[in-house]
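In what follows, a structure is listed as structure tokens, so that the remarks can point back to it.
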Amino acid sequence: MCFNEEGYVCGFTSPPLHSLCKNITRLRELIPDVDQKYAKRTNVLVVGDTDSDASMLDDWKGKCLLKVGLEAEEKPMLKCFDVVIRGSDCSRLMDILQFILSPQQL
């Protein structure tokens, strides 16, 4: 999806972004200056709901990836993530982020 300055959907990417083409090469096509824009950021949070999502940014050199899987009860267990949150309550993701970002962890 493409978003305007107000954050509203204003179109779709072409070709579409789907689970089989989510990678750093496609990200660079969508955001040409992504490497420069995030050059000073070494930590990247990858969130996904399929094992293929876990590897989507593996080729982004110089980045430390934390991979969080969101696992629905009816899906098979995710195996490629550092952390897996089970069930439909995504508030656990916010709990993890708050823990990581808390001053006590620095």
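Where a number appears in this text, it was derived from the coordinates with a stated rule and is not lab data. Here the structure is a predicted model, which means the values were calculated and not measured. Every residue, glycine as well, gets a Cβ built from its backbone with ideal geometry; the counts of neighbours run over all protein chains shown.
Across the range 83-88, in residue order, what do the Karplus-derived ³J(HN,Hα) couplings come to in whole Hz, using 6.51 cos²θ - 1.76 cosθ + 1.60 with θ = phi - 60° and x for Gly and Pro?
So the J values, rounded to whole Hz, are 9, 10, 9, 8, x, 9.
Over the chain, what is the relative contact order in whole percent, taking alpha-carbon pairs under 8 Å and six or more residues apart?
Relative contact order comes out at 17 percent.
Need one number: nm distance between label points at residue 8 and residue 89, each 7 Å from Cα along Cα→Cβ, rounded to one decimal.
My value for the distance between the label points is 3.6 nm.
Amide H of residue 47: which non-local residues (sequence gap of 5 or more, or other chain) have their own amide H closer than 5 Å, using H built in the peptide plane?
It is 68, by chain and number.
I need two numbers for the chain: Rg to one decimal and Dmax as a whole number, Cα atoms only, in Å.
Using the Cα atoms of the chain, the pair Rg, Dmax is 15.4, 44 Å.
So who's got an amide H within less than 5 Å of the one on residue 71, skipping anything under 5 residues away but keeping other chains? H placed 1.01 Å off N, in plane.
85, 86, 87
Net charge within 12 Å of residue 52 by Cβ-Cβ distance, Lys/Arg positive one each and Asp/Glu negative one each, not counting residue 52 itself?
Spelling it out: positives minus negatives among the neighbours equals -1.
In sequence order, what are the phi-derived ³J(HN,Hα) couplings for the range 66-71 according to the Karplus relation 6.51 cos²θ - 1.76 cosθ + 1.60 with θ = phi - 60°, rounded to whole Hz, with x for glycine and proline?
10, 9, 10, x, 9, 10
Using Cα positions and a limit of under 24 Å, work out the lysines in reach of residue 61, with same-chain residues fewer than 8 apart set aside.
Cα-Cα hits under 24 Å: 22, 37, 40, 79.
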